[in-house]
Amino acid sequence: MTPPKNYLIDMDGVLVRGRTLIPGADQFIRRLQERGAEYLVLTNNPRYTPGDLSHRLRTIGMDVPAGRIFSSAMATARFLQSQKPDGTAYVLGDSGLTTAIHEVGYVITDLNPDYVVVGEGNFNIEQMTAAIRFVAEGAHFVATNPDPGGPGDEGYVPACGATCAFIEKAGGVGPYFVGKPNPLMMRTALNYLNVHSEDTVMVGDTMGTDIKGGVESGMDTILVLSGVTRREDVARYPYQPGRILNSVAEIEP
């Protein structure tokens, strides 16, 4: 029997749509588990810890352990650790980001930080002003993900990329984005899972992040049409997914 491929799977638009399970997504995860396939749910959302996201999925009928979830916050924390172990950071972000940064031994501070790290959340003008000043004074500017906005409970909401644009305009320095489509995010996830790119499939609903990141990292790719990308949009991209399916319900690992 051929060993199963490994899977990196986007969450929003692939497994869930808002607070609703995409039909067949729970059976897909179950098939992966039954075959003993290695997999990670790979999300650019930095706001929640893996435990938070696991609980969220469980409440709507999908059993994904916290150890099978990897976020842009976790990738960002590992990047900081690799660049400057035991450093300091001024952080704009929720518990998913602050927890990940603390776990790699960083101190979160507003006293001459080595880094300004931006994720997602509700920030006031005082917090934004402090970030701008630190960046202008020479702190390295790092951000979890480039997404300018996305779906919220009550409609479209600004995300990390929009916050960073504000800071960049005033501070004069742009951020380094760690999350998808940066291949660093993909490589960090592959290392976390201890698998190789040539044996791994990236499954996502977004051409500009999921599929681009998968292609640039040397993985097979599957675009699912259960999220933001329409079939007629795909041809205009210079890179193409390996397969296009209606949803993960059609994937046989």
So which lysines pass the test for K5, namely a Cα distance under 30 Å, with those fewer than 8 places away in the same chain ruled out? K180, K212
Post the alpha-carbon centroid distance, region 78-125 to region 162-194, in whole angstrom. 13
Based on the Cα atoms of region 83-177, what semi-axes does the equivalent ellipsoid have, where each is the square root of 5 times one gyration tensor eigenvalue, given in whole Å with the largest first? 21, 16, 11
Take H140, H196 and order them by how many other Cβ atoms sit within 10 Å, fewest up front. H196, H140
Chain lengthening between A162 and N194 when straightened (0.36 nm per residue, less Cα-Cα): 8.2 nm
Summed residue charge, Cβ within 13 Å of V107's Cβ, Lys/Arg positive, Asp/Glu negative: -3
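Around R187, what is the net charge, scoring Lys/Arg as +1 and Asp/Glu as -1 over all other residues with Cβ under 12 Å from its Cβ? Walk me through the numbers before you get to the answer.
Values: positive: R78, K180; negative: E216.
Here the count lands on +1.
Under a Cβ-Cβ cut-off of 14 Å, what is the net charge of the residues other than A37 that fall near it, where Lys and Arg count +1 and Asp and Glu count -1? Intermediate values should be presented prior to the final figure.
On the way: positive: K5, R30, R31, R35, R68; negative: E34, E38, D199, D220, E252.
After counting each charged neighbour, the total is 0.
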Taking every C-alpha to C-alpha distance in region 104-253 and binning by 5 Å from 0, the per-bin percentages run 2, 9, 15, 16, 16, 15, 12, 9, 5, 2, 0
Arrange the following residues from fewest to most other Cβ atoms within 10 Å of their Cβ: M207, M74. M207, M74
Bins of 10 Å, starting at 0 and running to the largest distance - Cα pair percent for region 19-92: 17, 43, 26, 13, 2
Length-normalised contact order of the chain, Cα under 8 Å, at least 6 apart, in percent, tallies to 21
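Write down the Kirkwood hydrodynamic radius of the chain, to one decimal in angstroms, obtained as one divided by the mean of 1/r over all alpha carbon pairs. Before the final figure, lay out each step's value.
On the way: mean 1/r = 0.0540 Å⁻¹.
About 18.5 Å, per the Kirkwood formula over Cα pairs.
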Sequence-distant aspartates and glutamates (8 or more away, or on other chains) whose Cα lies within less than 15 Å of K84: E103, D114
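Can you compute the FRET efficiency between R35 and I108 using 1/(1 + (r/R0)^6), with r the Cβ-Cβ distance and R0 = 45 Å? Round to the nearest 0.05.
Numbers: r = 41 Å, r/R0 = 0.91.
Efficiency computed from Cβ-Cβ geometry: 0.65.
All of the numbers you see were taken from the coordinates with simple rules; none came from a lab. Source: prediction; values computed, not measured. Neighbour counts are summed over all protein chains in view; Cβ atoms, including those assigned to glycine, are modelled from backbone coordinates with ideal geometry.
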